[in-house]
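Enquirer: I'd like to ask you about the structure that follows.
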């Protein structure tokens, strides 16, 4: 059976303040209900957010949370921590949070709440991110972490954690052959996920780098693009 791992933001849900395509999500839920494919989520979002989306989509498999740091099952509520997270990270986690709060103090920037093993520095004004990124890199230079940036946030994760590692861990836990995995994403942050899957696809609203990297780009954006990819999954995998 083909397994589809899909990013959330930009693929299933839009940006802040934009209306969700509930009709499209309902259509995707109906397809998931048929169990033609295994369909799960792979996102930087925390487990509670993915549980809400997974329940809307009738997903009954583990989802990859926090950029691969955690697997979470939306039905059993079982959480499995990725064993490659360095033990030193847990010792430094509280200190990392304290330093981030010091850096963003007085600015229109927040450390996203709800995440257990990663940190997302978010702002409604993306122009502020380049200002603090070098400060974060300098202050946390000795910490056991990796730092990446998207158009929406700065992501701080345990060293070695990324979506590729998340996909590999998911395949191990679910006894899935990576050669039967189709990954769907829209931003550069999804490139590691593509590298761990047999095939990759993207909705029409994807970045230029993603467009040039995947095996298939839908002519439709967002959820409609994911639905298009779902219908053509067997062809994409051949």
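The values are calculated or read from the model by the stated rules, or taken from the named source; none is laboratory data. These figures come from a predicted structure and were not determined experimentally. Positions of Cβ are backbone-derived with ideal geometry, glycine not excepted, and every protein chain shown enters the neighbour counts.
Enquirer: Take the stretch 9-56 and flag every residue that is closer than 20 Å to residue 236 by Cβ and part of a loop (DSSP other than H, G, I, E, B).
Expert: 10, 11, 12, 34, 35, 36, 37
Enquirer: Can you give me the number of residues within the stretch 59-71 that are over 13 Å from the mean Cα position of the chain (by Cα) and either free of Cβ contacts under 8 Å to residues at least 60 places away in the same chain or outside any loop (DSSP other than H, G, I, E, B) (or both)?
Expert: 2
Enquirer: Just one of 195, 151 is surrounded by fewer than 16 Cβ atoms within 10 Å (Cβ to Cβ), over 24 Å from residue 73 (Cβ atoms) and modelled with pLDDT under 95; which is it?
Expert: Answer to the selection: 151.
Enquirer: Which residues, counting only those in the stretch 72-102, are without any contact (Cβ under 8 Å) to a residue 60 or more places away in the chain, touching a helix residue (DSSP H, G or I) at 6+ places or on another chain (Cβ under 6 Å) and not in a strand (DSSP E or B)?
Expert: Result: 74, 99.
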